[in-house]
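Enquirer: I have a structure I would like to understand better, so I am pasting it below and will then ask my questions one at a time.
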Amino acid sequence: MVQITGALELGLLYALMALGVYITFRILDFPDLTVDGSFTTGGAIAAVLITKDVSPWLATIAAFAGGMLAGACTGLLHTKGKINGLLSGILMMIALYSINTRIMGVPNISLIGVDTVFSGISVLVMMPIVVVLIKLLLDGFLHTDLGLALRATGDNERMIRSLGANTDTTKIIGVSLSNGLVALSGALIVQQSGFADISMGIGMIVIGLASVIIGEAITGARKVFWVTLAVVIGSIVYRLVVALALRVEWLEAYDVKLITAVIVIFALVFPSMQRSVSQKRRHANVRPSCWARAGSRMREGNADAGNFERIEAVQSRNGRREDRPGRYPPSSESGRFRHHCRQQRSGQIDADEYDFGRAEAGYGGNPDRRAEHYGASGVQAEQLDRPRLSGPDGRNGAAYDDRGKPGDGLPARTEPRFALRRQPEEARDVPRSA
């Protein structure tokens, strides 16, 4: 029970650091490695000021300001110095090691017997209030104009720059705020643990990433309010998993880094495994392919083997689906007529294979309906009975049939197949102003 309580305390304390990592890695899409140095910077500033009888609250605020200054330096190196984001974070992390050593003066500082922000109050009572307050303030900031510009910079930097926003400024502000939260977390952890050490920030970036990834994997949230809440939950879950893993007999305290690496790997692999499983299920529920439908209709007697083979030959020659081969002539006469027209237009059957009798059956043998259809294209009734002969290359001759395709014996259409509907003669004379 003591281990679980300690894990909850650490989870709340590291939640602020996880929120800072979330700003750079998820919102800004900026690989900031300054975290390992700024975490120690916050702890060093708080420890030095508290030992010099400065108010613990003022020392904590000063630690937050020191972290923001370190983040601003990283942002300036990247934006104004045109240094790669990853390299600028590494350079600042290396520089902060010497800076932190100068701040502390000694490798470690003890805070036993001095007043801290946790003097007289439990961590489990105070930290939930602090974490919720900072989370709500961060949510409110991200919904302001500056916060929206910050989020847009990470999503599409070129777009937000074209709208007049200064992306260099938003990056500097985002990295500064991130490292300020990291340093604030370091200051609180120093006061909770009772000491500050020069190497206390090693591996903090991995812990922050683990918290962010675990929180996103658990909740899968997309809105800002729920994502920041997921980051806090992920920090607590991470510490609980580490505490439970350390209770295994064959694991020792120095295996914490190994446990952290395994947790991060699992948190990264698990979402991709979920996506692959969902894709397989989606593919399993897809309707059968057109060839499967065509084969089933052949077995049911709704299509003949010759028609199926012709479609297969055309598709193999063209390398793609010209039409939906599973759609065989429906039962209605008009449907059969439209189907054969589609086949002839797409090249699935040649003109000499086109059964004109079926096409005429689409009009129920009514010559008036047939003349009404073909009269709109300028085709005379006596031309409908002309034979259709194939040319020497296996295709139709140089003339054009009634559908505007190469054929023999029928003139071309007088209007495009997809032409707009013509207005009546009496409507054309009406002026536009009317």
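Enquirer: Just rank V190, V175, V232, fewest to most, by other beta-carbon atoms within 10 angstrom.
Expert: Lowest to highest Cβ neighbour count: V232, V190, V175.
Enquirer: Given R₀ = 22 Å, FRET efficiency for H143-D168 by Cβ-Cβ distance, to 0.05?
Expert: Values: r = 22 Å, r/R0 = 1.01.
Efficiency, from the Cβ-Cβ distance: 0.50.
Enquirer: Arranged by the count of other C-beta atoms within 10 angstrom, fewest first, what order do H78, H143 take?
Expert: In order of increasing Cβ crowding within 10 Å: H143, H78.
Enquirer: Taking a virtual spin label 7 Å from the Cα of F195 along the C-beta vector, which residues in the stretch 85-125 bring their backbone nitrogen under 12 Å of it?
Expert: Once the point is set 7 Å along Cα→Cβ of F195, 107-112 turn out to lie under 12 Å by backbone N, inside the stretch 85-125.
Enquirer: Also, I was wondering about something else. Across the stretch 68-169, how large is the tail of the calculated P(r) beyond 21 Å, expressed as a percent of all Cα pairs?
Expert: Summing the P(r) tail past 21 Å for the stretch 68-169 gives 61 percent.
Enquirer: Specify, per residue and in Å³, the volume enclosed by the convex hull of the alpha carbon atoms belonging to the stretch 41-105.
Expert: Given the Cα convex hull of the stretch 41-105, per-residue volume reads 66 Å³.
Enquirer: Also, quick follow-up: Roughly speaking, what % of Cα-Cα pairs in the stretch 2-283 are separated by over 34 Å, rounded to a whole number?
Expert: Every Cα pair in the stretch 2-283 considered, those over 34 Å come to 18 percent.
Enquirer: A further question follows. Over 22 Å between Cα atoms, which of K223/K257; K171/K257; K135/K223 qualify?
Expert: Beyond 22 Å between Cα atoms: K223/K257; K171/K257.
Enquirer: So the label point goes 7 Å from the Cα of L87 along Cα→C-beta, right? Which residues of the stretch 202-226 then have their backbone N under 19 Å from it?
Expert: Output list for this probe position: empty.
Enquirer: Then there is this: Just want the answer: with Cβ charges of +1 for Lys and Arg and -1 for Asp and Glu, which residue in S178, V256, A62 is farthest toward the dipole's positive end in the stretch 2-283?
Expert: S178
Enquirer: Here's another thing I want to ask about it. So how far, in whole Å, is the C-alpha centre of the stretch 127-167 from the one of the stretch 207-269?
Expert: Each part's Cα centre sits 25 Å from the other's.
Enquirer: Still on this model: For S55 and F266 in one chain, what is 0.36 nm times their gap in residues minus the Cα-Cα distance, to one decimal in nm?
Expert: Working: separation 211, 0.36 × 211 = 75.96 nm, distance 4.24 nm.
Residue separation times 0.36 nm, minus the Cα-Cα distance, leaves 71.7 nm.
Readers should treat all values here as calculations from the given coordinates under stated rules, not as data from a laboratory. Not measured: the values here are computed from a predicted model. Note that we place each Cβ from the backbone using ideal geometry, even for glycine, and neighbour counts take in every protein chain shown.
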